[in-house]
Amino acid sequence: CVLVLEDCEKSLMSRDINKGFDIYENWKEDFVTLGHHLQVAHGEFFNVHSAKKHIDTYRRSILYYHTHRVQQYIEGAVGGYNGGSMADFSAPVFGYASRAMKNSWLNGFNAVHVDEQGFYHIQQIVCYNNSFVFGNKIYKY
């Protein structure tokens, strides 16, 4: 995983779109759709129940990372998934955030499988103490 993430970051930083990446620069409006039902976007809302606010507003399933928190809210077949972050929150780039705000942040990521009918199946993976569990295996970083 780390090599893939490093390669992705290098490609995005160099703007080398020949590596097979699409670059989206309008974080407020851009999104991609996985299957027929799940939008992946930066996100817009950062209230306490932002996952619910996203599906109430867009009326469709959405995975977003705007708040750096992990959260999910599901109503029937529509779900809002706040995906967390993969960052060092003590880095200078996060100097804008208060200690209270950073205390609500959590590293994590999401595994999404899209089946043959275009439905998504999402697993939120939360990172604690520089490790996470996926597929019954503990990974340390």
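Using a probe of 1.4 Å, the accessible surface attributed to Lys53 totals some 80 Å² when neighbouring protein chains are kept in position.
Among Arg59, Arg99, Arg69, the sequence by solvent-accessible area, most first, with a 1.4 Å probe is Arg99, Arg59, Arg69.
Computed on the Cα atoms alone, the convex hull of the chain gives a volume of 141 cubic angstrom per residue.
Here each label is just a point 7 Å from Cα along the line to Cβ, and for Asp56 and Tyr24 those points are 2.4 nm apart.
Ligands, DNA and RNA are left out, and with a 1.4 angstrom probe the accessible area of the chain is 69 Å² per residue.
Taken over the range 56-125, the alpha-carbon convex hull comes to 105 cubic angstrom per residue.
Among Glu44, Glu75, Glu25, Glu116, the sequence by solvent-accessible area, most first, with a 1.4 Å probe is Glu116, Glu25, Glu44, Glu75.
If both residues of a DSSP beta bridge must be in the chain, then about 75% of such bridges are antiparallel. To the nearest 10, the accessible area of Tyr73 is 80 Å² with a 1.4 Å probe.
Split the accessible area of the range 76-131 by element, probe 1.4 Å, and carbon with sulfur accounts for 54%.
With viscosity 0.692 mPa s and temperature 37 °C, the Kirkwood radius over alpha carbon pairs of the range 102-141 converts through Stokes-Einstein to a diffusion coefficient of 281 µm²/s.
The label-point distance for Val48 and Ser104, in a model that sets each label 7 Å from Cα toward Cβ, rounds to 0.9 nm.
Note on the chain: with a GNM built from Cα contacts shorter than 10 Å, the maximum mean-square fluctuation among Gly84, Gly95, Gly43 falls on Gly95.
The values are calculated or read from the model by the stated rules, or taken from the named source; none is laboratory data. Here the structure is a predicted model, which is why all the values come from computation and not from measurement. Note that each Cβ is placed from the backbone with ideal geometry, even for glycine, and that neighbours are counted across all protein chains shown. Accessible surface is based on the protein model in full, side chains and every heavy atom, while ligands, DNA and RNA are left aside. Shrake-Rupley method; radii C 1.70, N 1.55, O 1.52, S 1.80 Å.
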